[in-house]
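Colleague: Please see the structure below; I have some questions.
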Amino acid sequence: MADLPIDLGEPLADRLATVLDVEAKIPRALDALGTLAGRDVVLLDGVCGMRARQLTDLGARVTCSVADEDRIDAPDASADVLVSLWGPFRGASITEGGEAARVLRPGGRLLLLLDYGRDDVSRLRGDLPEYGLLSRRDGPLLSGGFKVRVVHCFWTFASLVDARAFLEAGFGAIGREVAAAMSRPRLSYNVAVYHRTVGTTA
């Protein structure tokens, strides 16, 4: 699930992986906020797939791990950067914040990638917490010390025919509705990288 924001199942998930953020804006944004080259990065909530490869290509030493609201499966002080991609770990609760502080070295960076909404893709997904409470100034992330960078990405298809076939197969009636409104073969897709430094350096 960490590679993609939506669990569509194969072969639709494989197809989505080829059209989502073909410009590679997401890994570049993570690098800009976390400085990945030569650093130990723990990637949460997924297998070492496409995203892990992208971060490795940027010079990171990537370890893939799993997390829930109570525990990150990683040793103490083992990471310079902790990255959660669309996972249940949000780093906002006291327990999650404590786990991030345990795994990260002093001055480590916590990066959370979530859908931001206000785009074409949000019409496919319906109402998500990411689109409301989590993006508000008084929400648990921004009021809890996180800052946010919105990355304007796309789902880019080879043609309108290709886009319409994929959207209908993956999303049914709402997919057909979104596809009918398309005038070019791409959908706007905004993602938010919530970021903060954990602890202080000596």
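The values are calculated or read from the model by the stated rules, or taken from the named source; none is laboratory data. Here the structure is a predicted model, which is why all the values come from computation and not from measurement. Heads up, the Cβs are rebuilt from the backbone with ideal geometry, glycines too, and the neighbour counts pull from every protein chain shown.
Colleague: Are any residues in region 92-117 buried (at least 21 other Cβ atoms within 10 Å of the Cβ), assigned to a helix (DSSP H, G or I) and in contact with a strand residue (DSSP E or B) (Cβ under 7 Å, 6 or more places away or on another chain), and if so, which ones?
Modeller: Answer for region 92-117, where residues must be buried (at least 21 other Cβ atoms within 10 Å of the Cβ), assigned to a helix (DSSP H, G or I) and in contact with a strand residue (DSSP E or B) (Cβ under 7 Å, 6 or more places away or on another chain): 99, 100, 103.
Colleague: Let me confirm something: among 128, 167, 110, 124, which residue is closer than 15 Å to residue 191 by Cα and in contact (Cβ under 8 Å) with a residue 40 or more places away in the chain?
Modeller: 124
Colleague: Among the candidates 151, 161, 193, single out the residue that is at pLDDT 90 or above, hydrophobic (A, V, I, L, M, F, W, C) and closer than 19 Å to residue 100 by Cα.
Modeller: 193
Colleague: To continue, here is another question. Residue by residue through region 64-78, note down the ones that are in contact with a helix residue (DSSP H, G or I) (Cβ under 8 Å, 6 or more places away or on another chain) and of a type in the set (S, T, N, Q).
Modeller: 78
Colleague: Follow-up. Do any residues in region 6-27 that are part of a helix (DSSP H, G or I) have Cβ atoms under 9 Å from those of residues that are surrounded by fewer than 12 Cβ atoms within 10 Å (Cβ to Cβ) and among the small types (Gly, Ala, Ser), where the two are at least six apart or on different chains, and which pairs are they?
Modeller: 19/158
Colleague: Return the residue satisfying two criteria in turn: it lies in region 118-144 and is part of a loop (DSSP other than H, G, I, E, B) and at pLDDT 90 or above, and of such residues it is surrounded by the most Cβ atoms within 10 Å (Cβ to Cβ).
Modeller: Among those that are part of a loop (DSSP other than H, G, I, E, B) and at pLDDT 90 or above, it is 119.
Colleague: In the set 160, 187, 167, 133, which member is among the hydrophobic types (A, V, I, L, M, F, W, C) and within 26 Å of residue 199 (Cα to Cα)? If you could, list the steps in order and put the result at the bottom.
Modeller: On the way: 160 fails: within 26 Å of residue 199 (Cα to Cα); 187 fails: within 26 Å of residue 199 (Cα to Cα); 167 fails: within 26 Å of residue 199 (Cα to Cα).
Every option except 133 fails the conditions.
Colleague: Taking residue 37, is it closer than 23 Å to residue 80 by Cα and assigned to a helix (DSSP H, G or I)?
Modeller: No, not satisfied.
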